[in-house]
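Asks: Questions regarding the structure given below will be posed in turn.
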Amino acid sequence: MGKTLVKIIAPLLVLGLLFYIVDAAAIIARLTSADPRWLAVSVAALTALTFLMARRWQLTAQALDLDLPYGRAVREYYLAQLLNVILPGGVAG
């Protein structure tokens with residue numbers, strides 16, 4: 001129970017400290033003033049990269065004689081990216 005509580009409270013404390021140190025209003029202002037074309041290019045590039053990395057994992061699985069359909073590889077890669085963004089390092093294993 002104690003370790004679980006630390007795993008929940010520690011990231012929240014770090015986020016609180018981050019918001020205290022960094023001017024959140026300035027970050028929001030920068031994001032709202034960003035050029036939508038560059039944002040679209042970055043989303044397209046990240047999507048293409050995700051699809052390519054999922055294909056790499058599919059090929060790796062095939063080399064190990066495992067069946068990993070491309071659609072599932074893409075879903076799993078998006079899930080892995082989400083976990084890497086929202087969880088502190090090492091929580092997901």
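Asks: Test W57 against the criterion of being surrounded by 11 or more Cβ atoms within 10 Å (Cβ to Cβ) and within 21 Å of the chain's Cα centre (by Cα), and give yes or no.
Replies: Numbers: surrounded by 11 or more Cβ atoms within 10 Å (Cβ to Cβ): yes; within 21 Å of the chain's Cα centre (by Cα): yes.
The answer is yes for W57.
Asks: Let me ask you something else. Among V43, V14, which is the only one that is part of a helix (DSSP H, G or I), hydrophobic (A, V, I, L, M, F, W, C) and within 30 Å of T4 (Cβ to Cβ)?
Replies: Details: V43 fails: within 30 Å of T4 (Cβ to Cβ).
It is V14.
Asks: Sticking with this one: Applying the selection to the range 37-86, what residues are touching a residue at least 24 places away in the same chain (Cβ under 8 Å) and either of a type in the set (D, E, K, R) or closer than 30 Å to A10 by Cα (or both)?
Replies: Matches in the range 37-86: T50, Y77, Y78, Q81.
Asks: I would also like to ask the following. State whether one or more residues within the range 21-30 are at pLDDT 95 or above and surrounded by 11 or more Cβ atoms within 10 Å (Cβ to Cβ).
Replies: no
The values are calculated or read from the model by the stated rules, or taken from the named source; none is laboratory data. Since this is a predicted model, take the numbers as computed values, not measurements. When we count neighbours, we look across all protein chains shown, and the Cβ atoms used for this are built from the backbone with ideal geometry, even at glycine.
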